[in-house]
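The values are calculated or read from the model by the stated rules, or taken from the named source; none is laboratory data. These figures come from a predicted structure and were not determined experimentally. When we count neighbours, we look across all protein chains shown, and the Cβ atoms used for this are built from the backbone with ideal geometry, even at glycine. The protein model used for the area step is the full one, side chains on, heavy atoms only, and it has no ligands, DNA or RNA in it. Shrake-Rupley method; radii C 1.70, N 1.55, O 1.52, S 1.80 Å.
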Amino acid sequence: AAQAAKPAVQRLADQISLYFVPAVFLIACGTLGFWLWEGVGFALAIVNAVSVLVIACPCALGLAAPAAVMAGLGAAARHGILIRDVAAFAQAGGIRSIVFDKTGTLTEGKPRLIAHHAVVGLADEAMLSLAAGLQAGSLHPLAIALMEAAAKPAPVCHDMQEYPGFGVGGTVAGRALKLGSAAMLTQAGLSEGALATVADELRTQGCSVSFLFEVEPQLRLLGVFGFADAAKASSASAIRALRKQGMRCVLLSGDNPASVAAMARNLGLDEAIGGVLPSEKAAHVASLRKTGKVAMVGDGINDAPALAEADLGIAMAGRADVAMNAAAIVLLRPDPALVGPAIDIARRTQRTIWRGLGWAFVFNAIAIPLASMGMLNPMLAGGAMAFSSLSVVLNALTLQLWRPNTANSGS
């Protein structure tokens, strides 16, 4: 689909070609008339007119963009970068900020339960069993971590209900329970109470924190859970490389602000925005776009609206198809180190298109006047025209030499 699509610059070249051909024909007719008026004879006049027609090279204008697009798409695909939308070539050039999702994008996306504390009077293992039962059947990464941490089969959960961006609820062992964020706890009218110190300590370590509380038969806090999701090995170096290129790197996550800030500090990002609901991510990206072009990097269902809202959406394969469908670029390996090269090859392809078009315009601007002045015969004109088209193709093929510099995630 990307190969069949036309970037904006190619549509411009096609528009120019519509006028180029009749213009050249008129110049050739003018050349014939001028030399006949000069009295050089019909033979020489027609030779000069034919030279104008032969030297004119609309094919170079038509080849510049599609040849570069094909070469750029192929070079990127060979290194795990799938460019789905040719609009990415134009958008990549002006990117000033890159927004990253946290879980699964900069982290492994496989959180582990590293701590759980129950309120006084409730055993930690009993609390863990209730939480595991509440999460049974969920595919959320935190739910999977809870199930793995539970030592015995979880009790059955009835009437399970998900609250996107907050947590889950249901009935376990005859008790109406909820498990979710601090915001969910506050909405229920509860405070962190005696577990506030434990929760704050977990947040400063960069952990995601969830609270288990009972709704019925009585409203009360039961315990707190801390989840750690390790950063990918290449995340820090990828961020450093992008910042060296003058890009502002922002971490955008639904996790609690303290955990997001700790992750941003550890990886060296410029800004951290936490506590963002799935429905709010696109609005944050739109706000950042007011200061310049923004790229969004994500991998989950919740990231799809933000990927579509960004000037350039970059999705990591392997998680949610809807995220990949909303992005202009898909990284076939879920590696942050490919973000810099993805932007690099898109920029190089755009520059190659303009360079090819520039050469075609300059060639025609110089060669057509020379031919009309009788300084080129048809044989030389034909050779020069072929060289023009060949040079445009060779210019595009230089993209085949491109290699991603994943050592520093950019060029």
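Side notes on the structure shown:
- Some residue of region 243-253 being under 30 Å from Leu338 (Cβ atoms), open to solvent by less than 50 Å² (accessible area, probe 1.4 Å), touching a helix residue (DSSP H, G or I) at 6+ places or on another chain (Cβ under 9 Å) and part of a helix (DSSP H, G or I): no
- Filtered by the rule that a residue be surrounded by fewer than 23 Cβ atoms within 10 Å (Cβ to Cβ) and modelled with pLDDT under 85, region 327-356 gives no residues.
- Evaluation of Val393 against (1) open to solvent by less than 20 Å² (accessible area, probe 1.4 Å); (2) farther than 30 Å from Leu36 by Cβ; (3) among the aliphatic types (A, V, I, L, M); (4) not in a strand (DSSP E or B) (one fails), failing number: (1)
- Within region 126-152, considering residues that are open to solvent by 30 Å² or more (accessible area, probe 1.4 Å) and over 28 Å from Ala231 (Cα atoms), the one modelled with the highest pLDDT: Ala126
- Applying the set (1) within 13 Å of His117 (Cα to Cα); (2) touching a Leu at 6+ places or on another chain (Cβ under 6 Å); (3) part of a helix (DSSP H, G or I) to Ala236 leaves exactly one unmet item: (1).
- Residue list for region 320-379, filter: in a helix (DSSP H, G or I), in contact (Cβ under 8 Å) with a residue 40 or more places away in the chain and within 30 Å of Gly41 (Cβ to Cβ): Phe363, Asn364, Ala367, Ile368, Leu370, Ala371, Ser372, Pro378
- Any hit, region 215-227, residues being open to solvent by less than 30 Å² (accessible area, probe 1.4 Å), touching a helix residue (DSSP H, G or I) at 6+ places or on another chain (Cβ under 6 Å) and closer than 30 Å to Pro305 by Cβ: yes
- Counting only strands (runs of 3 or more DSSP E) wholly contained in region 102-201, the ones carrying 1 or more residues that are among the acidic types (Asp, Glu) occupy 157-163.
- Qualifying residues in region 275-306 (those that are in contact with a Phe, Trp or Tyr (Cβ under 9 Å, 6 or more places away or on another chain) and at pLDDT below 90) - the one most open to solvent (accessible area, probe 1.4 Å): Leu277
- One residue from Pro155, Pro164 being surrounded by fewer than 18 Cβ atoms within 10 Å (Cβ to Cβ), more than 23 Å from Ser253 (Cβ to Cβ) and touching a helix residue (DSSP H, G or I) at 6+ places or on another chain (Cβ under 6 Å): Pro155
- The one condition in (1) open to solvent by less than 20 Å² (accessible area, probe 1.4 Å); (2) under 30 Å from Leu32 (Cβ atoms) that Leu380 fails to fulfil: (1)
- Taking the criterion of being assigned to a loop (DSSP other than H, G, I, E, B) and over 17 Å from Ala315 (Cα atoms), the residues of region 267-299 that qualify are Gly268, Leu269, Asp270, Gly274, Gly275, Val276, Leu277, Gly292.
- Residue, nearest to Ile46 (Cα to Cα), within region 22-36, restricted to residues that are in contact with a helix residue (DSSP H, G or I) (Cβ under 6 Å, 6 or more places away or on another chain) and either open to solvent by 40 Å² or more (accessible area, probe 1.4 Å) or modelled with pLDDT under 80 (or both): Leu32
- Index of the failed condition, Ile314 passing every other in (1) assigned to a helix (DSSP H, G or I); (2) touching a residue at least 12 places away in the same chain (Cβ under 8 Å): (1)
- Neighbours by Cβ (under 6 Å, 6+ apart or cross-chain): first from region 241-258, acidic (Asp, Glu); second surrounded by fewer than 22 Cβ atoms within 10 Å (Cβ to Cβ) and at pLDDT below 90: Asp255/Gly274
- In this structure, Ala188 does not qualify as of a type outside the set (D, E, K, R), open to solvent by 20 Å² or more (accessible area, probe 1.4 Å) and over 40 Å from the mean Cα position of the chain (by Cα).
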